[in-house]
Structures are given as structure tokens and as C-alpha cells.
Amino acid sequence: FLLFVSFFFTHQVLQNCVHVTVAGVTGTWWFNPQESGFCSGSVFGALGRTFTTSFGSICFGSLLVAIIQAVRQLAETARQNDDVGQLIACCVDCILSCLQSILEYFNKWAFVYVGLYGYGYCEA
């Protein structure tokens, strides 16, 4: 289980770091267009904020999604091995899929707020 969590967590952290960096660069471009440019200070500033002040928020949001993904993988493995009933495993997978989709939707917008305004994850 922990191997699944660590794999999904690493994937989510990398994906969300890119998301927060792009949100920060886009916000800088939108609010301060004269500073924007390819490889300008806005890119490095957003990247620096991503890996310093915003990294805890990114890790927390990524951990929530990673846990749900790992539990879904366990349910899928149990369904394939016929450890539990097919119907129960399918229902659990469906519920976890819905939870994962909702959480990923909220994460997407929360990380935009983290990248633009520097809010914490729970505050965003």
C-alpha cells in the first residue's frame, strides 16, 4: 500500500508543481505584462515560490489524491483476484473514482490560488 501511495504521491507532486508554476507565471503575465517574457524573472520567481513557500500546500493536496488513488488500486487488485465480491469491489471503485474526480477538480482551482496569491491549501 505504501509503495502505491509513494508512487502516486510523487506523480501528483510533480504534476501539481508544474500547475502552480504555470499559474504563477500566467498571473504575473496578466497583472504585470511589462515584466513578462521567455525565461524572464517571472518564470524563475514562480518556480522559486513553488518550491519554497507553496511546496507544503502542494504536498498536502497531492497526498489526499494519492491516498485515494492507492485505495482505488487496491480495490482494483482485489476485484481482479476475486478476493471480494465483484459487485462490492465495483461499487467501491465507483465511489472512490467520484471522490478522486471531485478532489482533483478542487485541487486544480486551489493550486491556481496557491500559485497566484500564495494562499495555503486549506485557505484556497
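The values are calculated or read from the model by the stated rules, or taken from the named source; none is laboratory data. Computed from a predicted structure; not experimentally measured. Please note: Cβ atoms are built from the backbone with ideal geometry, for glycine as well, and neighbour counts cover all protein chains shown. Only protein heavy atoms, including side chains, enter the accessible area calculation; ligands, DNA and RNA are left aside. Shrake-Rupley method; radii C 1.70, N 1.55, O 1.52, S 1.80 Å.
Residues that are of a type in the set (Phe, Trp, Tyr), open to solvent by 80 Å² or more (accessible area, probe 1.4 Å) and over 22 Å from residue 11 (Cβ atoms): does region 42-51 have at least one? For region 42-51, residues of a type in the set (Phe, Trp, Tyr), open to solvent by 80 Å² or more (accessible area, probe 1.4 Å) and over 22 Å from residue 11 (Cβ atoms): present.
The C-beta contact set for region 99-124 (first residue closer than 16 Å to residue 66 by Cβ, second residue assigned to a helix (DSSP H, G or I) and of a type in the set (Ser, Thr, Tyr), distance under 7 angstrom, 6+ apart or interchain) comprises 121/57.
Please work out if residue 60 is surrounded by 12 or more Cβ atoms within 10 Å (Cβ to Cβ), under 16 Å from residue 23 (Cβ atoms) and at pLDDT 85 or above. Judged against the criteria, residue 60 is not a match.
I'm checking my understanding of the structure. Among residues of region 65-124 that are open to solvent by less than 90 Å² (accessible area, probe 1.4 Å) and acidic (Asp, Glu), which one is nearest to the chain's Cα centre (by Cα)? It comes out as 104. Every condition in (1) in contact (Cβ under 8 Å) with a residue 12 or more places away in the chain; (2) farther than 25 Å from residue 124 by Cα; (3) out of contact with any Phe, Trp or Tyr (no Cβ under 9 Å at 6 or more places or on another chain) holds for residue 86 except the one numbered (1). Among the residues making up region 105-121, a single one is within 11 Å of residue 58 (Cβ to Cβ) and among the β-branched types (Val, Ile, Thr): 114.
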